[in-house]
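Reading through the structure tokens given below for one structure.
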């Protein structure tokens, strides 16, 4: 036969009509209507005349409770619904059966009192918004069934702790476990600022400065024998109860406390003023999966005692006070005073023990699986700093950041830096902000240098060692240079277009067969041909600054636009890093509607044709196009102009595109004469769309069926003509011939 | 994944249809009672045909591993020859019919005697199907092997040039485990309580019930055993026979139950020959069987609603409230949970199948969705003016 807790200070309500609170009446009626509930008794708890609480005692049956559930919840349970007079408070549910299991999601009521079920996760106001007696009864059944099935815990709820609410928090550093293994390591507790609601956060400090000054408390630490997983117990509310609880686990807390507290006083005694206003007891509880198995982690519980260590020592009888000084008590032998017991009545206040995240915890909380790469971020301007900040917070990757600039006042509008950082190198700012988030939980290396200066070891070494280099530099210098370097890690470029309405990710494949150089060229080809390219690079400063400015955002732009793309790019870099393929992806945002559209450009491989002092790079996308145009015109010849750009910094000519023959071109089986109709307009448009980067670089034409790309006399003559023309700009000329199966590029340069 | 078997009881009025769905996906259907008016939205009876088809479609299959007919009464076979693919004649085959990998029938079903005007009755069609499968020598198990059946079978086998014992492997006797399912592989075994041979003396209606299939279905989940007593329409004396015989063979554990599908739509005749005014007093051995219920056990009555109101006490046809009272009293005595009526849950206007979960924790009733808005959404509200 089950026995039940009886409620104290209550009297019976003889008749339902005597219920004074509308909520308890409604609840009674609902319980009566529901087959699974049987009303056993009605009680009230009075405060003078008025009922402070009305209590409906019921038996509830839950068919979803498995008969042999590990928690030990029964099919039929007796509950007390305690309805408070204040309608802003929730109805408390007490489980009256003695032996009702201690489970999570119970409020902390202390031992030997009925368990108080924690039915809701939300605050009372949120619950009461939709509360009805009927859904409350269902919730009770739901709670019992879910608890019986062990399914009642939110994802980040530690399994062993009761769902109690306390105003006090104890915050451990992220590496507390490792620090603790250090024999000499001592901890101090720094009191935080008391909050308006009386709550307070205490921070465990492991820093080198170990002088227990005012406001810093030395915690009383006790390590318990291992417990098994899923062990849940109630919090004691007095020191005596804690002692009993620990005694049951073979730990004599008094002996432990005595030893700790005696050490706080030397032979000269300690002044009363030296005592702290309170003490923190920190219990370390190793948790193992099963009996006899090694502990898999350490659970921690903490309690606040409103008495300093010295006063506590006095209460325990290990210290005594004389003339405002605490001295050690003689605790054994004939002189020892009688053991004291009033310490048992000291109140304990449970503290919620929280721990700062390490990288793994941050990733778990962010839903990120992979650790992320050993990475280098080149450029921590507006975009780079925002992306780095996102990665820092989610614990993704270990980073070296390279940038040579420092923070200027105007940067604060579009950078994560603060006023205190003005004049500080951007990489140092990033390092300090990183530390402010992670407290050193992850590595972070700032390198204040020009990433294009490959003579510097501080630059080359991390880039060579990295699995991923993200270029957020806003110039073309670094990505084009990096493309010439074998032995570097996989590179990705990210940038925002000048008007801030689009962003671009160019990602090399994991083996770097396709490098940023050709991805850049293929991206321009898409800008030239795709609808989204129409206004893509509008607002660029190309007409004032020499080229290469299409990745620099204009000077008038809100930070929100940068952050918007930074969030997209930060996630996309993470996703693309998981895949080995090369990618070209573009996101276009409509600032009016806030909508974002994504575009993907197919990537082609690249080949290089070396021409004495210059290399010509051409991707298979252009080649395919040329072969297709040739086949279309066969048996006649065809041709047109070649588009691309020169980069003398890296001695390269990059072919971006080939335009088809203008309509007024002439051609036959053995000749092609390129016309001009519409061509100047077309090239102007290419220039406009690509911010002046893609230009005319030469001509191409096809050879008839059965012929190779070997140049004819006419071809050589044409090249000479082109060379002379291009020489006026100081540039070489390019002539490309498409044969039956091959393709040949010639360069002509008029010597000045 | 935790091992979870399911037991389903369908609201088919005073009739029977239940199903075992094993954790490994195998399905055993007991009886089939589809009534035409069940297709009508306003009728409380379930549209069994559509329901079962939907379940199978959801499981991506068109067959049952086993279909067991406990006996050939209409309320246990009604509509089955429209629903199942029968092997013996092309007219019972075709698109949409559900196949039976193995048919379980009591021997009495093969011995049914039919008058000329009964030839198209479903019991005759099923008799033909069972006979066909037995002669073909596959996809069937026949429970008990009475001499009449042997007399019929032996010459037929001789015509086919086969020995008289060529079909012995397709017969299952009372007191043994039905082949084809094991605790190790499926987490379930079926122990045959009935029919005994002496229950099949002739093929008349009276004997149908006496010769019905009664099984102990034992589930094993992660080392824990739970028992389901599946009874066709047996009367008290058959139950007493079973208790007596089972005890005599030392198989007492097969009488225990965590879930008992009580016989004959809660007829008092399954407890005693006397109904009683307020409550039926069960015969001694039947009472012993009722007290074999385990703590937290359930009773299921496959019947029309059986409320405790004055009129119920005067009913001649089952369900009998007096029987319910007796069952409930004994259920309380063993610390059981609920006496559930298929046509009462979650309400009598539109009952839903009773679903039980058999997990390591035991047998628990998984409620159909609560009332309120979900129930309104799922049903047709009355016409608005």
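The values are calculated or read from the model by the stated rules, or taken from the named source; none is laboratory data. On a predicted model such as this, the values are computed, not experimentally measured, just so you know. Note that we place each Cβ from the backbone using ideal geometry, even for glycine, and neighbour counts take in every protein chain shown.
The criterion of at least 2 residues that are over 19 Å from residue A:219 (Cβ atoms) and either without any contact (Cβ under 8 Å) to a residue 24 or more places away in the chain or out of contact with any strand residue (DSSP E or B) (no Cβ under 9 Å at 6 or more places or on another chain) (or both) is met, among strands (runs of 3 or more DSSP E) falling completely within the range A:248-335, by A:319-322.
Screening the candidates B:102, B:189 for the property of being closer than 22 Å to residue B:19 by Cα, touching a helix residue (DSSP H, G or I) at 6+ places or on another chain (Cβ under 8 Å) and outside any helix (DSSP H, G or I) yields one hit, B:189. Scanning the range A:58-73 for residues that are over 42 Å from the mean Cα position of the chain (by Cα) and in contact (Cβ under 8 Å) with a residue 40 or more places away in the chain gives a single hit, A:60.
The lone criterion from (1) over 28 Å from residue A:497 (Cβ atoms); (2) in a loop (DSSP other than H, G, I, E, B); (3) modelled with pLDDT of 95 or more left unmet by residue A:428 is number (2).
Conditions tested, residue by residue: (1) assigned to a loop (DSSP other than H, G, I, E, B); (2) at negative phi; (3) modelled with pLDDT under 95; (4) in contact with a strand residue (DSSP E or B) (Cβ under 7 Å, 6 or more places away or on another chain).
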{"position": "A:509", "(1), (2), (3), (4)": "yes, yes, no, no"}
{"position": "A:523", "(1), (2), (3), (4)": "no, yes, no, yes"}
{"position": "A:526", "(1), (2), (3), (4)": "no, yes, no, yes"}
{"position": "A:540", "(1), (2), (3), (4)": "yes, yes, yes, no"}
{"position": "A:546", "(1), (2), (3), (4)": "yes, yes, yes, no"}
{"position": "A:551", "(1), (2), (3), (4)": "yes, yes, yes, yes"}
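The condition (being in contact with a helix residue (DSSP H, G or I) (Cβ under 8 Å, 6 or more places away or on another chain), within 14 Å of chain B (Cβ to nearest Cβ) and surrounded by fewer than 18 Cβ atoms within 10 Å (Cβ to Cβ)) is satisfied by just one residue among A:62, A:34: A:34.
Listed residues A:454, A:468; which is within 17 Å of residue A:376 (Cα to Cα), touching a residue at least 12 places away in the same chain (Cβ under 8 Å), surrounded by fewer than 22 Cβ atoms within 10 Å (Cβ to Cβ) and in contact with a helix residue (DSSP H, G or I) (Cβ under 8 Å, 6 or more places away or on another chain)? The unique qualifying residue is A:454. Among the residues of the range A:585-611, those identified as free of Cβ contacts under 8 Å to residues at least 24 places away in the same chain and either surrounded by 19 or more Cβ atoms within 10 Å (Cβ to Cβ) or farther than 30 Å from residue A:565 by Cα (or both) are A:607, A:608, A:610.
In the set (1) surrounded by 18 or more Cβ atoms within 10 Å (Cβ to Cβ); (2) more than 13 Å from chain B (Cβ to nearest Cβ); (3) over 23 Å from residue A:134 (Cβ atoms), residue A:67 fails one condition alone, (2). Looking only at residues in the range A:75-100 that are more than 28 Å from residue A:125 (Cα to Cα) and free of Cβ contacts under 8 Å to residues at least 60 places away in the same chain, the one that is nearest to the other protein chains (Cβ to nearest Cβ) is A:75.
Scan the range A:627-637 and give yes if some residue there is in contact (Cβ under 8 Å) with a residue 40 or more places away in the chain, touching a helix residue (DSSP H, G or I) at 6+ places or on another chain (Cβ under 9 Å), part of a loop (DSSP other than H, G, I, E, B) and surrounded by fewer than 17 Cβ atoms within 10 Å (Cβ to Cβ), otherwise no. Looking through the range A:627-637, none of the residues is in contact (Cβ under 8 Å) with a residue 40 or more places away in the chain, touching a helix residue (DSSP H, G or I) at 6+ places or on another chain (Cβ under 9 Å), part of a loop (DSSP other than H, G, I, E, B) and surrounded by fewer than 17 Cβ atoms within 10 Å (Cβ to Cβ). Against the conditions (1) part of a loop (DSSP other than H, G, I, E, B); (2) under 24 Å from residue B:190 (Cα atoms); (3) without any contact (Cβ under 8 Å) to a residue 40 or more places away in the chain, residue B:3 satisfies every one except (3).
Report yes if residue A:40 is surrounded by fewer than 21 Cβ atoms within 10 Å (Cβ to Cβ) and within 28 Å of residue B:345 (Cα to Cα), otherwise no. It is true that residue A:40 is surrounded by fewer than 21 Cβ atoms within 10 Å (Cβ to Cβ) and within 28 Å of residue B:345 (Cα to Cα). The residue pairs whose first member lies in the range A:119-135 and is within 14 Å of chain B (Cβ to nearest Cβ) and touching a residue at least 60 places away in the same chain (Cβ under 8 Å), whose second member is surrounded by 15 or more Cβ atoms within 10 Å (Cβ to Cβ) and not in a loop (DSSP other than H, G, I, E, B), and whose beta carbons are closer than 6 Å, counting only pairs six or more residues apart or on different chains, are A:133/A:26; A:133/A:27; A:133/A:30; A:134/A:30. Taking residue B:68 as the residue in question, decide whether it is modelled with pLDDT under 95 and closer than 25 Å to residue B:264 by Cα. So residue B:68 fails the test. The strands (runs of 3 or more DSSP E) found entirely in the range A:340-423 that carry 1 or more residues being modelled with pLDDT under 95 and farther than 27 Å from residue A:572 by Cβ are A:348-355. Of note, residue A:709 satisfies the criterion of being within 30 Å of residue A:526 (Cβ to Cβ) and either at pLDDT below 85 or surrounded by 16 or more Cβ atoms within 10 Å (Cβ to Cβ) (or both). Of all residues in the range A:566-584, none that is in contact (Cβ under 8 Å) with a residue 40 or more places away in the chain and on the phi > 0 side of the Ramachandran plot has its Cβ atom under 7 Å from the Cβ atom of a residue that is buried (at least 20 other Cβ atoms within 10 Å of the Cβ) and in a helix (DSSP H, G or I), 6 or more apart or on another chain.
Looking at the structure I just gave you, is residue B:45 at pLDDT 95 or above and within 28 Å of residue B:263 (Cβ to Cβ)? Spelling it out, it is not the case that residue B:45 is at pLDDT 95 or above and within 28 Å of residue B:263 (Cβ to Cβ). Listed here are the strands (runs of 3 or more DSSP E) enclosed by the range A:113-228 that have at least 2 residues being at pLDDT 90 or above and under 27 Å from the mean Cα position of the chain (by Cα): A:168-172, A:200-205. The residues listed here are B:329, B:304, B:337; of these, the one that is within 19 Å of the chain's Cα centre (by Cα) and in contact (Cβ under 8 Å) with a residue 40 or more places away in the chain is B:304.
Annotation note: of B:314, B:295, B:274, the sole residue that is exposed (fewer than 15 other Cβ atoms within 10 Å of the Cβ), over 18 Å from the mean Cα position of the chain (by Cα), within 14 Å of chain A (Cβ to nearest Cβ) and more than 23 Å from residue B:12 (Cβ to Cβ) is B:295.
Is there a residue in the range A:437-444 that is at pLDDT below 95, assigned to a loop (DSSP other than H, G, I, E, B) and touching a strand residue (DSSP E or B) at 6+ places or on another chain (Cβ under 9 Å)? Yes: one or more hits.
Within the bounds of the range A:43-51, is there any residue that is on the phi < 0 side of the Ramachandran plot and either within 14 Å of chain B (Cβ to nearest Cβ) or within 44 Å of the chain's Cα centre (by Cα) (or both)? No, because not a single residue in the range A:43-51 is on the phi < 0 side of the Ramachandran plot and either within 14 Å of chain B (Cβ to nearest Cβ) or within 44 Å of the chain's Cα centre (by Cα) (or both). Looking at this structure, is residue A:256 within 23 Å of residue A:347 (Cβ to Cβ), at pLDDT below 85 and surrounded by 13 or more Cβ atoms within 10 Å (Cβ to Cβ)? Against the criterion (within 23 Å of residue A:347 (Cβ to Cβ), at pLDDT below 85 and surrounded by 13 or more Cβ atoms within 10 Å (Cβ to Cβ)), residue A:256 qualifies.
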